[in-house]
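What follows is a single structure, written as structure tokens, with notes after it.
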Amino acid sequence: MVGLTGKMGCGKSTVAEILKELGAQVIDVDKIGHEVLKEETVKDRLRQLFGPEIFCQGEVDRKKLAKAVFEDEEKLRILESVVHPVIKDRVLKMIEGCSNVVVLDAALLRRIGLAELCDVIITVKCDEAKIVERLEKKGLSQEEIQRRLAAQKDIVEEGIVIENNFDLASLRNRVLDIYKRLLEGGVGG
């Protein structure tokens, strides 16, 4: 079991996609997090905690929710206390049917409680200027970027560290090398 982590904008999803192309079974924990927000029990709890203003047409408006929780660390912890246990349960069920190399693609690997399931952790990192450049291209303001990065300050380099400040070909070669070592059992972390 491989844990894949890194701050937003570092290229973690690109690394996950390369691993998937190479044959790994990738579980996208962020996607599961989005799905969890559609569950009625989760929506009911979030409505109680954050009020109706984070909803639009009966669904959680992720932008409104993000604005609320990234402005207040306590609200972020409250949100995580609701969704992380549900996410972890889903991931555990998905892992049961997996074989070969399984990758848990999760920025918040430790916070969700998934790191202890992993034999190896891969951290994708890059310069903050590169992160800002990538996130601005996705339409986030400087203020939003800084708030979100501050909320990820506990994501630290551990295990195998992939520097993603270069081109896609360099990244692909580094990931291929790591994947080969994973298959051979020669990687730890």
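The values are calculated or read from the model by the stated rules, or taken from the named source; none is laboratory data. Predicted model, so just to flag it, every value in this text is computed and none were measured. With ideal geometry, Cβ positions are generated from the backbone for all residues, glycine too; neighbour counts draw on all protein chains shown. Remember, those area values only see protein heavy atoms, side chains included, never the ligands or the DNA or RNA. Shrake-Rupley method; radii C 1.70, N 1.55, O 1.52, S 1.80 Å.
Here are a few things to note about the model shown:
The rows are residues; the columns are (1) β-branched (Val, Ile, Thr); (2) touching a Pro at 6+ places or on another chain (Cβ under 9 Å); (3) part of a helix (DSSP H, G or I); (4) touching a residue at least 24 places away in the same chain (Cβ under 8 Å).
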position	(1), (2), (3), (4)
Val15	yes, no, yes, yes
Glu21	no, no, yes, no
Leu46	no, no, yes, yes
Glu53	no, no, yes, no
Ala68	no, no, yes, no
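- For segment 49-76, the tally of residues that are surrounded by fewer than 17 Cβ atoms within 10 Å (Cβ to Cβ) and closer than 17 Å to Ile32 by Cβ stands at 2.
- The test for being modelled with pLDDT under 95, among the charged types (D, E, K, R) and either under 12 Å from Lys7 (Cα atoms) or in contact with a Gly (Cβ under 7 Å, 6 or more places away or on another chain) (or both) holds for Glu128.
- Only one of the listed residues (Glu40, Glu17, Glu73) is over 25 Å from Ile131 (Cβ atoms) and of a type in the set (Asp, Glu). That residue is Glu40.
- Lys153 being of a type in the set (Lys, Arg), open to solvent by 60 Å² or more (accessible area, probe 1.4 Å) and within 20 Å of the chain's Cα centre (by Cα): yes
- Against the test of being in contact with a strand residue (DSSP E or B) (Cβ under 7 Å, 6 or more places away or on another chain), open to solvent by less than 70 Å² (accessible area, probe 1.4 Å), over 30 Å from Leu171 (Cα atoms) and modelled with pLDDT of 95 or more, the options Leu79, Leu46, Leu19 yield a single qualifying residue, Leu46.
- Condition check for Glu116 on (1) under 18 Å from the mean Cα position of the chain (by Cα); (2) open to solvent by 50 Å² or more (accessible area, probe 1.4 Å); (3) in contact (Cβ under 8 Å) with a residue 24 or more places away in the chain; (4) closer than 26 Å to Lys20 by Cβ: one failure, at (3).
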